Every structure is written in C-alpha cells, then in structure tokens.
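S.K.: Below you'll find the structure I mean.
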Amino acid sequence: MTEPTIEDYFLEERTFPPSAEFAAAALVSDDSLHREADADFEAFWARQARELLSWSRDFDTILEWELPDAKWFVGGELNVSANCLDRHVAAGIGDRIAYHWEGEPGDTRTITYADLLAEVQRFANVLRSLGVERGDRVAIYMPMIPELPVAMLACARLGAAHSVIFGGFSPDSITDRVQDGGCKVIVTADGGYRRGAASLLKPNVDAAVDQCPTVSAVVVVERTGSPVTMVDGRDHWYHELMAAADPVCAPEAMGSEDLLFLLYTSGTTAKPKGIMHTTGGYLTQVAFSYKYVFDLKPETDVYWCSADIGWVTGHSYIVYGPLANGATSVLYEGTPDTPGRDRMWDIVERYGVTQLYTAPTAIRTFMKWGAQEPARHDLSSLRLLGTVGEPINPEAWMWYHEHIGGGRCPIVDTWWQTETGGQMITPLPGVTATKPGSATFPLPGIGVEVVDEEGNRIEQGGGYLTLTRPWPSMLRGIWGDHDRYESTYWSQYPGRYFAGDGAKIDADGYLWLLGRVDDVMNVSGHRISTTEVESALVDHHAVAEAAVVGASDDVTGQAIVGYVIIRNDAVASEELVAELRQHVATKIGPTARPKRVIIVPDLPKTRSGKIMRRLLRDVAEGRDLGDTTTLADPTVVEAIRDSAANGPGSAA
Ligand code: WTA
C-alpha cells in the first residue's frame, strides 16, 4: 500500500505507568490474564463465566460461532437479577449499600442489596400482574431514580426484556422504539429534576402511547408531584401497585442466550437499531471488565459512573457490572451544574468516591469552568478515573489527571460501543503504562486489528478498527432485521466486525481511536482524522473544547474548519484565531492547519454528548441544516452560525 488509510500526525510522548503503590494492591499486576486468554480465549471466558457468575445449570458448550451469529455458554441457565441480588444477600452482604442515591434537589436514599432485592421482587410481581411474561418486552422511560434499576432488574427476574428509552427523548422517539420492540408495558415517572426544575416525562408517554397498540399498561412513579393525567384502566401509580404486591417472586431460570434487553442506537439518519443483548455472555463480560478495569475492592470502594442509565454505559457500568460484583455505587439524578458548578466534586467528597467514570465531553466542560471548582473540594478519596464515549484529547486527559486525580490516579480510557455491550480496549490500571489519549490495548480475550481499505492488517499507522473474533457481550443482532445486522457490522471486511471507527497503532503497539470514519477529512489527498486536529487545538492553553470538520473546498477538496470553545479566562480575538491555526500547524504539521477557526459559545451535541459534526459541516458549507432531532439543545446551532458570520475568524 502506498498511501496510508488515515494519516498519523499527533505524537504524544508522555507515559504514565501505575504507581508502585497502586500496582502492589491491584487485582491484576502482571500479564497473566492476557497470556491465559491468548492461549485459549474460549477457555478463558468459560473460566470467567463460572467464577464470576452463579449458574442454575452449567453450560455444555462455550461458544457456537457461525459468522455473524454467536452463541455463548450454550445450555447454561441463570437469572441476571439473582446474580445481581439474591446471591449477595444469601452470602450475608445484604446490608451492603448497593446505591447511594442522590436527587438533584439534594434528597437522598441509601439502598442496600437486601432493600433492592425486596423492591425488585415486588415490582416483578407488579409487572406479572399487568400481564408481563417471560419473553415479553417492557419499555422504561425514567429519570435517574432508584426505580429505574429496580424496573430493569424486575424485567430480568421475569425473563422479560427491557428497552430503556433515554429520558430526554421526544414522544416520536418513544413511539418508534415502543412500536419496533412491541412492548407490552411502559414504566415511567411523572418527571425528574434537571437544572433545578421538574422536567416532565409522563406527558411524552401520553403523546406516544396512542400510537402504540401493543401497550396495555403504563406504570408511573411519583417523583416530582407534577400534575399528570392518569387514564383509567391503563395508567397505574407505582406506589399503589407496590403496596399491594406480593413480596416474593422467584427468579426465572433463563437460557444463556435468552434476550436480556434491547437498546436503540440512533443512527444520525436511518431508523434506530434495536441492539440485542442476551444473558450469560453479556453478564460475564460486564462483570469481568467492571471488576478488573476498575480494580474493584467491593468492601471499601464507592464507585460512581456519571452517565445516564438510558445509555449503554449506564446499563453495563451502573446497573449490571457493579451489582453483579456486589459493589457500592453512587447514583445521581441531575446535572453537574446544579446548584453550582462544583456539584460533582461535592458528591465525590461527601460519599468518598474512589472510582469515577465519566465522559470526555464532561471533562472538557469542567476544563472550561476552571480548576477552581474541583479545588474547593477534598478529592483525595479518588484512586482511579475512567473515561468513555469519545476519544479523549491528551490535554483533557492531563487536566483530568491533574485536577481531579491529583496526579495519583490511573486513568482507564475505555473504548467500546452499545454493540459491544462491554469494554473492549482499555488499560488494566495496575499493569498498563498509559499514554494520554490512547485507549492502549484490547482486554484479555478480545481480538483487535487495524486494517487498510482492502482489509490488510496494519502494524503501525492509521486505518480502520476491526474485531477479529466473537466476544461474550457482543450484540446478537438488530431486533427484527438480521440482514441489516450482517450488512452493517460484518460485511465491510469479511470475517471481521467493523466498528465504524478509525484507529492508529503507534510504534509501541498502543491503539489510538480516531473517531468515526465518516468524519475523516480529505485535504489535498491527505486523509486526516478530526480527532487529531481537535487534540492539537485543545493542546492550546486558551481552548477547552474543539470540533473539527472538513468543508468542501474548490482547491483542496476539503478544507479544515475548527470550531472552538475557549476557557473562561481566555479572550476571543483575531489574534487568538491566528495563533490557534498556527498552533495546529506547529503541533502536527502544516497540512493539518485549519483554513478557519471559529470561536463559538457551544457545540452541537447528541443527548449522549457526542459532537454532531454533520451539522457543523452544514454550517461551514452554508447549507440548511439536516435532521436536528437528536440534538440536545437545538438553539446552539444558531449561536454557532452567528459566530461564524460575525465573530473572530469570520473574515478568513
Ligand atoms: C466512541 C458508548 C474513543 C466510538 C460506550 C464508538 C470512543 C462510539 C471511546 C460508541 C473511547 C466510545 N475512545 N472513542 N474511549 N468510547 N467511543 O454506542 O466512536 O454510545 O464507536 O457506546 O463512541 O458509542 P456508544
């Protein structure tokens, strides 16, 4: 091959080995797991499945693999809620706290494993009384309150699959998902608290449910006390049904390959895909990765994942991974800037959080707000930090390391997807010397290769990220559309799963994620990743966040346009814009110098915090905007248009 698939510009040379102290106490401190998995990955996963989970019937076959269909732990039977609850209570740790829940207004609930088991059994009986049976689907549209994991676990107890719909979605999005899944019941709440006010949920369900003929009942948790309309015979209050419910509900013995949940990923244009996850393999990989990637010490740790349970991160690393391991977690309802911009750090301090798992987009927001916010709190309880959801720019990584981690906490930058179910590429905190911005290496048992257009393996440099073998928590398909499953994930590179992400491998074999391949820019024939130019911009001390797109250009094919948010203490000016363009050229090379840099107040993001570069391309090319329904805040784009027309950099 003569030309690289995606060019490799950004060179990051800092490395951070775990401290001797961390490594000495870590669950994994050498390469034995990797060696074991390399020798026989099926046997490795079988050992994890048997050691980490309780099976009511042992499995006969570890893996049946008929590309693209995998079946893991065939013949095995287990119940996910029994693995997350009953066995811990039976083992005598029913008094351990499962969740320190905190509402946005400051109200709290402390929920032990025994409490959770009691509530889950009752709610399973409630669902059963509403006609839910093994094999059914139940939609859940809720704020971040304890009844949300309760509802999920109650479904799992009965063998019904849940389909959690993120609480920020509109009635149309609810309708699409409930119809597609053929859900029987919707569990919701009157509302939840966000930014100091009640945000209503039930009216959205009301607007959706008329178009959902399969739904026979709606269960409503009273959270905010906002007025709601209850339809007789269809709508029921959670607390009323719970008060009348039988307290005992035995868990169903489920087959390893029975459906545990559907979770819809919204493609930017096409119909959302109902990603299918099953029981035994999913729970094995999330329990394994949770334990070892976060180095869990369940007796003493207080773990906090700040994601929403409506995304896969919350499913795997707020609900199933932590509970399967008997961990203690913080569950927080609201936003990070209510009542002040130090809410996160206040929570860390008050609960003595030991592991914090959050998103790069949140970290860049904290950078913009400034280091004085975390500095007001004692964060010395933290011993490990994690990130997920996007590539993390090296400067954001350094800021997290220094201002949140106090320079002492290993950072696990975890690459994975809704489709992979669990973490796939990540440091092991007691072993891996990290490099800021690199997700480092595949977990034991996971096969990753970077390939060129033709599917040839690349030893060093940029290309496309592929997975070379099945893994236990892989998606089992797209609900109702097997062809789309095969063509989306398994047809680009025969025999491999194509993740849709660009990646590069450096001279030491470290993996660097380069963003979605749809976002790669082509400037005068150079294939440049948006991630690398963004990292170069964020490397400048005035910049908190950057989004880069290729806008069509008569001369160069595409020209690089950078949108930047500056830090609170920086001043927007033409000089700064010139300096930023030059900074990129100096940092990673003149080919990557942006043609324009525009200082903006905000960036368009999906509700899960991913930057919507497609909309920024529309702005850069002066086009009408495409579909904006997945945008978290639709007013942002107007502000960006205004900055592009009138602010510094507009004359370029
Ligand atoms: C991106 C979230 C770089 C990637 C768990 C992936 C990342 C998509 C990382 C999946 C990371 C996630 N570094 N990129 N550590 N983690 N991504 O389905 O593009 O919401 O394909 O799952 O997020 O997003 P999803």
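The values are calculated or read from the model by the stated rules, or taken from the named source; none is laboratory data. The shown structure was predicted, so the numbers you read here are calculated from the model rather than taken from an experiment. Heads up, the Cβs are rebuilt from the backbone with ideal geometry, glycines too, and the neighbour counts pull from every protein chain shown. Calculation scope for accessible area: heavy atoms of the full protein, side chains included, ligands and nucleic acids excluded. Shrake-Rupley method; radii C 1.70, N 1.55, O 1.52, S 1.80 Å.
S.K.: Could you tell me which of the residues GLY421, GLY406, GLY389 is surrounded by fewer than 24 Cβ atoms within 10 Å (Cβ to Cβ), within 16 Å of the ligand (Cβ to nearest atom) and in the same structural domain as PRO146 (by TED's automatic domain parsing)? It would help to see each step written out before you state the result.
M.R.: Numbers: GLY421 fails: surrounded by fewer than 24 Cβ atoms within 10 Å (Cβ to Cβ); GLY406 fails: within 16 Å of the ligand (Cβ to nearest atom).
Just one listed residue meets the conditions, GLY389.
S.K.: I want to confirm something. Restricting to the stretch 293-311 and keeping residues that are within 12 Å of the ligand (Cβ to nearest atom) and open to solvent by less than 10 Å² (accessible area, probe 1.4 Å), which single residue is farthest from ILE411 (Cα to Cα)?
M.R.: Quick first cut of the stretch 293-311, residues within 12 Å of the ligand (Cβ to nearest atom) only: 293, 305, 307-308, 310-311.
In the following step, the residues that additionally are open to solvent by less than 10 Å² (accessible area, probe 1.4 Å) were identified as 293, 305, 310.
Numbers: VAL293: 10, CYS305: 14, GLY310: 24 Å.
This residue is GLY310.
S.K.: Residues to consider are VAL248, VAL218; find the one that is hydrophobic (A, V, I, L, M, F, W, C) and either exposed (fewer than 12 other Cβ atoms within 10 Å of the Cβ) or not assigned by TED's automatic domain parsing to the domain that holds MET144 (or both).
M.R.: Details: VAL218 fails: either exposed (fewer than 12 other Cβ atoms within 10 Å of the Cβ) or not assigned by TED's automatic domain parsing to the domain that holds MET144 (or both).
Matching residue, one of VAL248, VAL218: VAL248.
S.K.: Further question on the same structure: Considering only residues that are of a type in the set (Val, Ile, Thr) and out of contact with any Ser or Thr (no Cβ under 9 Å at 6 or more places or on another chain), which ones fall in the stretch 58-88?
M.R.: Across the stretch 58-88, the qualifying residues are THR61, ILE62.
S.K.: Still on this model: On the given criteria, is THR606 more than 22 Å from THR361 (Cα to Cα), of a type in the set (Val, Ile, Thr) and out of contact with any His (no Cβ under 6 Å at 6 or more places or on another chain)?
M.R.: On the way: more than 22 Å from THR361 (Cα to Cα): no; of a type in the set (Val, Ile, Thr): yes; out of contact with any His (no Cβ under 6 Å at 6 or more places or on another chain): yes.
Answer is no for this residue.
S.K.: Every residue in the stretch 505-533 that is within 12 Å of the ligand (Cβ to nearest atom) and outside any loop (DSSP other than H, G, I, E, B), please.
M.R.: If the condition is that a residue be within 12 Å of the ligand (Cβ to nearest atom) and outside any loop (DSSP other than H, G, I, E, B), then LEU511, TRP512, LEU513, LEU514, GLY515, ARG516, VAL517, ASP518, ASP519, THR530, THR531 are the ones that fit.
S.K.: Of the conditions (1) open to solvent by 10 Å² or more (accessible area, probe 1.4 Å); (2) within 12 Å of the ligand (Cβ to nearest atom), ILE411 satisfies every one except a single condition; which number is it?
M.R.: Single failed check for ILE411: (1).
S.K.: If I ask for residues that are touching a residue at least 12 places away in the same chain (Cβ under 8 Å) and either open to solvent by 30 Å² or more (accessible area, probe 1.4 Å) or part of a helix (DSSP H, G or I) (or both), which ones from the stretch 627-647 would you list?
M.R.: First, pick out the residues of the stretch 627-647 that are touching a residue at least 12 places away in the same chain (Cβ under 8 Å): 627-633, 636-637, 639-641, 643-644, 647.
The answer is ASP627, THR628, THR629, ALA632, ASP633, VAL636, VAL637, ALA639, ILE640, ARG641, SER643, ALA644.
S.K.: Sticking with this one: Restricting attention to helices (runs of 4 or more DSSP H) lying wholly within the stretch 28-99, give those where 3 or more residues are not assigned by TED's automatic domain parsing to the domain that holds LEU296. Before the answer, list the steps.
M.R.: Numbers: elements: 32-39, 41-52, 87-90.
Ranges flagged: none.
S.K.: Additional query: Among residues belonging to the stretch 31-58 that are open to solvent by less than 10 Å² (accessible area, probe 1.4 Å) and over 25 Å from the mean Cα position of the chain (by Cα), point out the one that is farthest from GLY445 (Cα to Cα).
M.R.: Going through the qualifying residues, I end up with ALA46.
S.K.: Can you name every residue in the stretch 242-256 that is out of contact with any Leu (no Cβ under 8 Å at 6 or more places or on another chain) and of a type in the set (A, V, I, L, M)?
M.R.: MET242, ALA243, ALA244, ALA245, VAL248, ALA250
S.K.: Could you list, in sequence order, all residues of the stretch 359-386 that are closer than 20 Å to VAL431 by Cα and either within 16 Å of the ligand (Cβ to nearest atom) or open to solvent by 20 Å² or more (accessible area, probe 1.4 Å) (or both)? Break it down into steps so the answer makes sense when it comes.
M.R.: At the first step, the residues of the stretch 359-386 found to be closer than 20 Å to VAL431 by Cα are 382-386.
Selection gives ARG383, LEU384, LEU385, GLY386.
S.K.: Working only within the stretch 172-188, note down all residues that are open to solvent by less than 10 Å² (accessible area, probe 1.4 Å), closer than 16 Å to ARG234 by Cβ and touching a residue at least 40 places away in the same chain (Cβ under 8 Å).
M.R.: CYS183, VAL185, ILE186, VAL187, THR188 - these are the residues of the stretch 172-188 that are open to solvent by less than 10 Å² (accessible area, probe 1.4 Å), closer than 16 Å to ARG234 by Cβ and touching a residue at least 40 places away in the same chain (Cβ under 8 Å).
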